[in-house]
1. Give me the accessible area per residue for the stretch 59-122, probe 1.4 Å, as a whole number in Å².
2. Of all the accessible heavy-atom surface of the stretch 124-183, with the other protein chains kept in place and a 1.4 Å probe, what percent is carbon and sulfur?
3. What figure, in Å² to the nearest 10, do you get for the accessible area of Arg60 with a 1.4 Å probe and non-protein molecules left out?
4. Probe 1.4 Å, all protein chains in place: accessible area of Glu214 in Å², nearest 10?
5. Given a Förster distance of 45 angstrom, what is the FRET efficiency for Met72 paired with Lys104, based on the Cβ-Cβ distance and rounded to 0.05?
Amino acid sequence: MKKFITAIILGSALILGGCTRITDGEVGVRVSTSGVIEQQELLTGWHQDVIGTVKTFPIRQIAVQVADQKPMTADNSPLDDFDTTVVYNVIPDSVAEMYRNKSKSFHTPSSDGILLMGSYMQTLIKNAIVKSVRQYKSLEVNDNRAKIEDEIQHIIQEQLKAEGLDKALVITAVQVSGITPNKEIQRAATEYVRSQNELKIKENEVQIAKKEAERQAILSANAGQSIAYMQAQSQLMIAQAVKDGKVQTIIIPSNLTALGNIGGK
């Protein structure tokens with residue numbers, strides 16, 4: 001009689017639509033009316049939820065975002081912002097066991113079902129961010145984004161392995177989507193670059209001034225030599241002309257100071 005009544009209830013449930021559909025990429029777990037979590041996972045298909053309830057768990061490409069973090073860098077300054085998204089898969093035959101044995105606070109309710117170990121994964125991500133970013137100076141973090149992503153994944157995987165969860169949760173991707181260095185350090189770096197540029201300009205101006213002074217000195221020296229040479233040539237030509245009798249004009253030296261005296265002698 002009891003089996004007959006159960007059959008009638010199940011039949012009525014199917015007719016009235018008292019079922020939960022498990023789609024591809026999900027696993028279901030049945031919870032009895034007394035709150036006992038059954039050990040057998042429910043796979044793709046329709047499953048009645050009149051007697052007990054059926055919980056659905058996405059198992060593929062579960063994305064957990066951790067945003068607005070301010071991890072400390074190697075130069076003891078916190079970043080103004082650090083955002084990360086970690087994607088992981090859940091091994092299907094481990095769903096019921098984890099839901100039964102792990103704290104309910106480790107899981108995250110969502111519109112798509114329960115994200116198994118979602119809150120727990122958030123904690124691991126935050127810890128991994130702190131450990132990874134601490135190795136780099138504030139202005140080096142952006143340049144080492146790919147390394148930091150690899151390090152975050154490695155740190156999470158090592159923690160999962162230490163807790164015996166590496167066979168149930170598999171990290172498939174880590175993406176660092178936003179890094180904002182400390183504003184004070186950015187301002188100081190900008191000022192430093194500006195001052196270095198100004199120093200280079202001043203040094204260049206000094207070099208130009210030195211070269212110009214050297215040029216003027218060379219020109220001045222060459223000018224003196226040229227004048228002396230021209231005077232000597234001129235006197236030589238005049239002397240030759242006098243000798244040849246071609247000059248009838250009496251030449252009075254420029255240093256004649258008195259009649260018969262030249263140069264004061």
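The values are calculated or read from the model by the stated rules, or taken from the named source; none is laboratory data. Treat the numbers as computed from the prediction; the structure is a model and nothing was measured. Methodologically, a virtual Cβ is constructed for each residue, glycine included, from the backbone with ideal geometry; neighbour enumeration extends over all protein chains shown. Accessible surface is based on the protein model in full, side chains and every heavy atom, while ligands, DNA and RNA are left aside. Shrake-Rupley method; radii C 1.70, N 1.55, O 1.52, S 1.80 Å.
1. 46 Å²
2. 46 percent
3. 130 Å²
4. 100 Å²
5. That pair, Met72 with Lys104, gives E of 0.90.
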